[in-house]
Amino acid sequence: MAEIDTNALSAHRTHFDLAGKVAIVTGSTKGIGRAMVEGLARAGASVVVSSRKQHLCDEVAAEVGAATGAKTLGLACHVGEWEAIPGFVKHVVEHFGRIDVLVNNAGINPTHMSPVEMTIDYWRKVFAVNLEGPLRMSQQVAPVMRGGGGGSIINIGTMAAYHAGPGICAYGASKAALKNLNWTMAMEFAPWKVRVNMLSPGPFTSEMLMGAAAKDAGYLDMVAGGTLQKRVADPAEIVGPVLYLASDASSFVTGDDLSVSGGMAK
């Protein structure tokens, strides 16, 4: 007979409360990562601010703590370095005692490069951060979540995983692979009560987007035109979707990919 979660039914899990939870957001010193880590803190979570530079992690952790009253930890980690991740996770567990939410947000697209120009060093660098980082971080965090009764892993993808584009073949391919990995991890971690989902943003204001716009006067109009809403999103607009997937409001959602793209077609 199929299992019925009576606790879920009685709790009416429709809220976004993260009080008592601990959340890690990689790549969270700027852009949508910065918005997400503050949003999780405002929802009651203790948060880990992480990027490659410790001084930036410390600065943003202090800012988020002051703005929200949440407990914060700034802890640098280069997710493209496979062996750096276990020590990072161990430090978080020693500091907070648990991990309930992991947002694999850190990602790179260093420069536009076509398949003809592609070098193996560039290809491996992009895949190390965008694909291997989320894999390694998830495999280290999921057992911690299992020990704490479950958790939520959120992989940040991109609509570029669905639509090929000039100069972004490594970026798009790495995120398309992450989409497949997202589903596989959801299957593997479900018995541990660890849910795994993806958010796929469309065009958001970011250093990456504005850098491209600085080189092409029509770039912003072009990317905005690819959305039904005909605009570029503010980083704050990612907060609602990440809170949904991080919280019990999405308790029966796993293996999914939620587009946050103003209506771009998959």
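The values are calculated or read from the model by the stated rules, or taken from the named source; none is laboratory data. Because the structure is predicted, anything quoted here is derived from the model rather than measured. In this analysis, Cβ positions are derived from the backbone assuming ideal geometry, glycine residues included, and neighbour counts consider all displayed protein chains. SASA here: full protein model, heavy atoms, side chains in, ligands and nucleic acids out. Shrake-Rupley method; radii C 1.70, N 1.55, O 1.52, S 1.80 Å.
Within the range 161-171, restricting attention to residues that are in a helix (DSSP H, G or I) and of a type in the set (Gly, Ala, Ser), which residue is nearest to residue 105 (Cα to Cα)?
161
In the range 65-116, what residues are assigned to a helix (DSSP H, G or I), over 21 Å from residue 153 (Cβ atoms) and open to solvent by less than 60 Å² (accessible area, probe 1.4 Å)?
65, 67, 68 - these are the residues of the range 65-116 that are assigned to a helix (DSSP H, G or I), over 21 Å from residue 153 (Cβ atoms) and open to solvent by less than 60 Å² (accessible area, probe 1.4 Å).
Looking only at the range 118-148, how many residues end up being outside any helix (DSSP H, G or I) and touching a residue at least 40 places away in the same chain (Cβ under 8 Å)?
Going through the range 118-148 one residue at a time, the tally reaches 2.
Which ranges mark the helices (runs of 4 or more DSSP H) fully within the range 172-266 that have 2 or more residues being within 21 Å of residue 100 (Cβ to Cβ)?
Ranges flagged: 239-246.
Starting from the range 158-185, keep only residues that are open to solvent by less than 20 Å² (accessible area, probe 1.4 Å), then list their pairs with residues that are in a loop (DSSP other than H, G, I, E, B) and among the aliphatic types (A, V, I, L, M) whose Cβ atoms are within a distance under 8 Å, requiring at least 6 positions of separation or different chains.
Filtered contacts from the range 158-185: 159/264; 170/118; 172/164.
Restricting to the range 35-83, name every residue that is of a type in the set (Lys, Arg) and either under 22 Å from residue 108 (Cα atoms) or modelled with pLDDT under 95 (or both).
Within the range 35-83, 52, 53 meet the criteria.
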